[in-house]
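Below: one structure, written as structure tokens.
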Amino acid sequence: MGTWSGEPFGNDVAADFAWELDEGKRWNVVKDALREALRSKEPLDADTACIAIAAAEVVAHGLGRPTQSDAYTESVEGFVSRARKPSSRLVRAAERAVAIATSPDGELAELWAEGDALEWHDANTRLLSALARE
């Protein structure tokens with residue numbers, strides 16, 4: 001997995017996920033990504049965790065509280081302009097999915113432990129904070 005930052009869309013997997021939003025008008029793609037993380041019985045693999053975090057960032061954008069706004073989130077911004085505001089249920093699912101995706105037992109946390117874990121931790125803390133402010 002190519003990674004250039006600890007931000008939600010700072011890796012190849014999340015950037016690819018953003019392309020799935022290009023023509024969307026409904027939250028189904030985001031819901032599906034969050035659901036996959038929430039239904040897992042095992043610690044998440046890195047790709048599933050990256051997608052869950054990216055999906056949660058889409059929810060934060062939908063709330064008007066993005067933690068990342070740059071060239072990597074242009075598809076997200078387009079999607080949010082076409083979609084309705086996310087439901088409170090979706091917001092709660094995003095919060096839970098980030099908690100699962102960032103679990104110390106997960107593969108993504110292990111990979112970040114080899115790099116700048118503080119950058120990744122700070123980005124996820126900002127994301128959880130953006131989601132929590134209802």
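Quick rundown of the values:
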item: Mean separation of Cα contacts under 8 Å (6+ apart) over length of the chain, as relative contact order %; result: 33 percent
item: Hz values of 3J(HN,Hα) by residue in the range 3-9 - Karplus curve (6.51, -1.76, 1.60), Gly and Pro given as x; result: 10, 10, 7, x, 5, x, 10
item: Using θ = phi - 60° and Karplus 6.51 cos²θ - 1.76 cosθ + 1.60, couplings along the range 16-25 (whole Hz; Gly, Pro as x); result: 5, 4, 4, 5, 5, 8, 3, 9, x, 10
item: Accessible area of the chain belonging to carbon and sulfur atoms, whole % at 1.4 Å probe; result: 47 percent
item: Accessible surface, per residue, of the range 1-46 when the full set of protein chains is kept, probe 1.4 Å, Å²; result: 60 Å²
item: Packing-based ranking, highest mean first, of 116-127, 8-19, 78-89 given that Cβ atoms within 10 Å are counted; result: 8-19, 116-127, 78-89
item: Residue-wise HN-Hα coupling along the range 114-131, computed from phi with Karplus coefficients 6.51, -1.76, 1.60 (Hz; x: Gly, Pro); result: 7, x, 8, 4, 5, 4, 5, 4, 4, 4, 6, 5, 4, 5, 4, 5, 5, 6
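The values are calculated or read from the model by the stated rules, or taken from the named source; none is laboratory data. None of the values given here were measured: they were computed from a predicted structure. Heads up, the Cβs are rebuilt from the backbone with ideal geometry, glycines too, and the neighbour counts pull from every protein chain shown. These accessible areas exclude ligands, DNA and RNA; they are computed on the full protein's heavy atoms, side chains included. Shrake-Rupley method; radii C 1.70, N 1.55, O 1.52, S 1.80 Å.
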